[in-house]
Amino acid sequence: MARTAWQMARVYLLRWHRRMGVTLAVCLLWLAATGILLNHTDDLSLDSSPVGISALQRWYLGDLPEIRSYAIGSNWLSAANGHVFFNGIATESCTNRLQGAVVSGEYIVAACDDVLLLIADDGALIERVNSMYGLPTPVSAIASEETNVVIRSGDLIYQVDLEELSFQRLPADTAPVWVTSSPAPPKLVDKIEKSMMGEGISWERFLLDLHSGRLFGRSGILLADIFALGLAMLALSGVWVWSTKPGRWRKRKQDA
């Protein structure tokens with residue numbers, strides 16, 4: 001017996017209804033799992049619990065700024081994201097590039113492009129020396145020659161008098177050994193990165209973004225919208241297939 005166009009359409013829709021159901025099963029499990037957890041945010045303290053997984057935090061924050069570090073005896077002076085870190089603890093701002101650091105007597109002298117930072121051996125800031133003190137800028141390098149601090153600005157080299165906070169130009173053939181950065185220990189880098197990340201992302205925020213698709217940016221939102229439309233089509237097609245089953249309404253009338 002040949003099928004009518006209506007029956008063929010019903011069979012075709014039923015076939016696609018099943019396929020859509022299998023495809024969207026993963027989506028339903030994803031929404032159900034995240035929805036249940038979000039429904040118990042207070043019970044599980046998800047709003048106050050940081051993710052604590054650096055890979056997820058990097059996903060949110062993107063690549064962290066470069067960390068430049070200099071070994072100062074047994075201590076480390078680092079700079080990243082506009083801050084100077086003494087042994088991994090943020091102590092002072094350095095809005096421009098950290099060019100190096102040396103020890104001179106009781107001071108640690110750190111050179112940024114536009115300022116010299118005089119730091120105590122415990123990391124406390126003693127003085128900021130900038131162009132108001134006559135500092136030649138931009139500072140591009142720093143070195144320690146015996147008990148003297150030497151800096152370079154452009155093609156010129158200067159000796160720094162830390163007591164008088166003055167700068168004496170040196171002969172052009174002066175050739176100090178300029179300080180270069182060194183890779184910091186992994187634990188120190190991890191400490192600085194955690195400081196830059198702040199308190200991090202809470203599990204509630206992560207689950208909300210996962211539930212809505214925002215975790216994956218605009219493409220994730222679009223995918224979530226497609227899943228939502230798919231679920232709506234699945235529901236409508238299911239109701240239509242159920243209601244158009246041959247003999248369904250005839251049987252109801254006979255029972256009545």
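I'd like the full set of residues that are of a type in the set (Ser, Thr, Tyr) and either within 18 Å of GLY105 (Cβ to Cβ) or at pLDDT below 90 (or both), limited to segment 138-157.
The answer is SER144, THR147.
Hey, can you tell me all the residues within segment 124-134 that are open to solvent by 10 Å² or more (accessible area, probe 1.4 Å) and touching a strand residue (DSSP E or B) at 6+ places or on another chain (Cβ under 7 Å)?
Restricting attention to segment 124-134, the residues satisfying the condition of being open to solvent by 10 Å² or more (accessible area, probe 1.4 Å) are 124-128, 130-134.
Residues satisfying the conditions are LEU125, ILE126, GLU127, ARG128, GLY134.
If you go through segment 78-107 one residue at a time, how many are within 15 Å of VAL129 (Cα to Cα), touching a residue at least 24 places away in the same chain (Cβ under 8 Å) and part of a loop (DSSP other than H, G, I, E, B)?
1
Looking at segment 123-139 only, could you name the residues that are over 24 Å from GLY73 (Cβ atoms) and either assigned to a loop (DSSP other than H, G, I, E, B) or of a type in the set (Ser, Thr, Tyr) (or both)?
Of all residues in segment 123-139, those over 24 Å from GLY73 (Cβ atoms) come to 130-138.
Matches in segment 123-139: ASN130, SER131, TYR133, GLY134, LEU135, PRO136, THR137, PRO138.
The values are calculated or read from the model by the stated rules, or taken from the named source; none is laboratory data. What you are looking at is a predicted structure, and each value in this text was computed from that prediction instead of being measured. All Cβ positions, glycine included, derive from the backbone under ideal geometry; neighbour counts span all protein chains shown. What goes into the accessible areas is simple: the full protein's heavy atoms, side chains included, and nothing from ligands, DNA or RNA. Shrake-Rupley method; radii C 1.70, N 1.55, O 1.52, S 1.80 Å.
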